[in-house]
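Colleague: The structure's right below; bear with me while I get my questions together.
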Amino acid sequence: MHIASHYSGDQFEHCLSVIRQAATEILSLLKVHGVEAQDPRGFLQQLEQARLNLGGWANVARRLNLNDAEISDFTLQLRHLQQVVPVYERGQAVNDNQLIAALRFVAALEFVRQKQPRLKFTSLPGEDGSVHQDQAQRQMRAITLTLKALITQAFSDATRLNDSLKLQFGADSVRRWLANSDAGDILSGMLFSDLALLIVDKKAFARHYSPLFNAAAALTFLAEQRVTLHAFLEDCRVMRNAILAQRPLTTTEMVLLNNYLHQITGPVQRAFEQGRTRVNPTAFLAVDSNELSHYWENARHKDNALGGDSQPVRENIEPPKKQQIRSPEDRDQMISTVLWGAVGVVMLGMAFASLWMFSNVTPAESTAQASVAQVDAPEREIPSPREKLANMGISWDINSLRSAIDRNDTRVTTLFLQGGMTWQLAWTEQAQSFRYDDVLELLLRYRLQMDELKPCRRFINTLSHAMGNGESLTAVRKAYLQAFCATPAVVERQRYNVEQAKRRAAATADTQNKKWLTIQSAIYSAIK
């Protein structure tokens, strides 16, 4: 254990060295001179200064040759590293989450260096030999086969699995996977992102896989184990694509993959040793070079047949849409639409009648009117919000909207909302902490597009912990509570929380209990 901890400390020190060197070059490129970012906190502060100097994150991204989503991901990785390692002194113990956060940010820095050739900082000390590359390929194979084995174990037979996939993805997808798979093994014909989705889907994870992972102290990098698993598997998808493209993994990627292997397969291995599962991840690592080469050649062929695994791992399975039974409200809406359509037809008839009445004008008048018509020709159609986003290089997906909210980008957020995209209350957590009131007030104006089901339990819990850490119940936070949580069920639950806090404070009148009572009472006052 001491040796492993020492190794983690060395790796973390190497990461900090890369970050310092990269920070100096990036800040110089952004025209921030005369300062040195000795730690992630300092780097983040100087990036914020660069944003102010250049007039926004869009200009920072342009200097680094990044698009909107890429600069958002870069800053989020840095913020997370700064949160998990607020202060660091040389030689102090480093846990797994801190090392992973540092490695993920170094990987983000390497991506920026790839996009901006003027950056020349060095990466982690090299481990790019063929032996290390083979080991990385074994580890990625083991992760993939572990996912397949877990999915197979969750279903009693192939027929039940195929039927379930038809309901979840549709018959067309199942036919495509079967055509690309080995006999009797539909999972072998699926992309890695599809396998990962079958594990991290909220319903599937709760039903089949959470007992395996909840019993171990792993996957605690983010707020939930399922969310952490999703993030790690998305990184694995990117590295797996590199292996399929026969691009050697960087040292950062290989060290990160090694950590992901332990985080993902470790709980399953423990469950196997305790007899709670038949899946043995260690067995998937035992493969000779010939078999390993054959595996990746076969995987490369299947990946090409499906067009490549270019899309990120989705968070939840979205079944094919079925025709919905119209409710009375829908029928009323349809009748209203038909009536307004009839009014439109009448108006068009009146317009054509007017044209006929004035059709006998003199040739001179006709020529004059034609000239006026040419002068007053309608302008080119204004692009839609989606088209504007596409012209900005921003994809129409929830991740791009979340990124815009996280960086207080009201322009991009407005286009998404005007285009009709829905949003969720959970996406505002970071903006609430950073007091990004502009984007938060904008979202409130589109509150009818907030479609998260039962969002208040999480929102109030997150708010309570934030207030416990010194944040205040701002006017914007009160507005959100009143807009989304002032329902009888939520008010009653919060009243119960206040009563419980009062009992704890009466039983043990310490500072913490009094503080918690004050927090719960303030939230209750805002929604009752």
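What follows is calculated from the coordinates using simple rules that are stated; it is not laboratory data. Note that the structure is predicted; figures quoted are calculated from it, not measured. Cβ atoms come from the backbone with ideal geometry, glycine included; neighbour counts cover every protein chain shown.
Colleague: Which of T75, T152 comes first, and how do the rest follow, when ranked by fewest Cβ neighbours within 10 Å? Please list the in-between numbers first.
Modeller: Numbers: T75 21, T152 17.
So the ranking, lowest neighbour count to highest, is T152, T75.
Colleague: Run the reach check for K528 against aspartates and glutamates, Cα to Cα strictly under 19 Å, same-chain hits fewer than 8 apart removed. What comes back?
Modeller: Filter leaves E492, E499.
Colleague: Report, in whole Å, the centroid distance computed from the Cα atoms of segment 140-217 and segment 435-507.
Modeller: If we compute the Cα centre of each part, the gap is 37 Å.
Colleague: Right, next: Where does the chain land on Rg/Rh, using Cα atoms and the Kirkwood Rh? Show your work: numbers first, answer last.
Modeller: On the way: Rg = 28.3 Å, Rh = 27.3 Å.
Expressed as Rg/Rh, it is 1.04.
Colleague: Now for a different question. Ranking request for peptides 504-515, 306-317: highest mean number of other beta-carbon atoms within 10 Å first, then the rest in descending order. Before the final figure, lay out the partial values.
Modeller: Working: 504-515: 12.0, 306-317: 14.4.
Answer by packing, highest mean first, reads 306-317, 504-515.
Colleague: Please sort by residue number the GluC sites (Glu not before Pro) in segment 33-113 whose DSSP state is loop and whose Cβ has at most 12 other Cβ atoms within 10 Å.
Modeller: Values: sites: E36, E48, E70, E89, E110; in loops: E36, E89.
Within segment 33-113, the qualifying GluC sites (Glu not before Pro) (loop, at most 12 other Cβ atoms within 10 Å) are E36, E89.
Colleague: Can you give me the pair-distance distribution of segment 169-299, C-alpha pairs, 5 Å bins, whole percents?
Modeller: 2, 9, 15, 20, 22, 17, 11, 3, 0
Colleague: In addition: To the nearest 10 degrees, how steeply does helix 40-54 sit against the main Cα axis of the chain, on a 0 to 90 scale?
Modeller: For 40-54 against the chain, the angle is about 20 degrees.
Colleague: Now, a different point. With a/c under 1.5 counting as rounded, go ahead and sort segment 2-115 into rounded, prolate or oblate using the C-alpha gyration tensor (a ≥ b ≥ c being the square roots of the eigenvalues; past the cut-off, prolate if a/b is larger than b/c, else oblate). Walk me through the numbers before you get to the answer.
Modeller: Numbers: a/c = 2.27, a/b = 1.87, b/c = 1.22.
In terms of gyration-tensor shape, prolate.
Colleague: Largest first and in whole Å, give the semi-axes of segment 173-243's equivalent ellipsoid, each being the square root of 5 times a Cα gyration tensor eigenvalue.
Modeller: Details: eigenvalues 129, 48, 17 Å².
Equivalent ellipsoid semi-axes, largest first: 25, 16, 9 Å.
Colleague: For W423, list long-range residues whose amide hydrogen, built 1.01 Å from N in the peptide plane, is under 5 Å from its own amide hydrogen.
Modeller: Here the answer is M450, D451, since their amide H atoms fall under 5 Å of that of W423.
Colleague: Something else now. Angle, helix 225-244 long axis vs. longest principal axis of the chain, Cα atoms, 0 to 90°, nearest 10?
Modeller: Helix 225-244 sits at roughly 90 degrees to that axis.
Colleague: Which entries of K454/K515; K203/K302; K115/K388; K203/K478; K115/K302; K31/K115 show an alpha-carbon separation above 20 angstrom in the structure shown? Write out the running numbers ahead of the final one.
Modeller: Details: K454/K515 27 Å; K203/K302 28 Å; K115/K388 24 Å; K203/K478 32 Å; K115/K302 29 Å; K31/K115 18 Å.
Listed pairs above 20 Å: K454/K515; K203/K302; K115/K388; K203/K478; K115/K302.
Colleague: At each listed q (0.26 Å⁻¹), what is the log10 of I(q)/I(0) that the Debye formula gives for segment 404-455 modelled as equal alpha-carbon point scatterers?
Modeller: -1.03
Colleague: Next question, about the same structure. Which Cys residues of the chain have no other Cys Cβ less than 4.7 Å away and so no disulfide-compatible partner by this rule?
Modeller: C15, C236
Colleague: Let me ask something additional. Quick check on the exposure proxy: order I26, I243 from fewest to most C-beta atoms within 10 angstrom.
Modeller: Ranked by crowding around the Cβ, least crowded first: I243, I26.
Colleague: Further question: Counting other C-beta atoms within 10 Å, which of D194, D437 has the fewest, and how do the rest follow?
Modeller: D437, D194
Colleague: Sticking with this one: Measure nothing fancy, just the Cα-based angle from helix 96-115's long axis to the longest principal axis of the chain, in degrees from 0 to 90, nearest 10.
Modeller: The angle comes out at about 60 degrees.
Colleague: Would you compute, from DSSP H runs of 4+ residues alone, the mean residue ellipticity of the chain at 222 nm, taking -39500 (n - 2.57) per run and dividing by the full residue count, rounded to the nearest 500? Working shown, then result.
Modeller: Details: 25 runs with 355 residues, N = 528.
Only helices count here, giving -22000 deg cm²/dmol.
Colleague: What translational D, rounded to a whole number of µm²/s, comes out for segment 397-527 from Stokes-Einstein when the hydrodynamic radius is the Kirkwood one over Cα pairs, at 37 °C and 0.692 mPa s? Working shown, then result.
Modeller: Numbers: Rh = 15.5 Å.
Estimated via Stokes-Einstein, D reaches 211 µm²/s.
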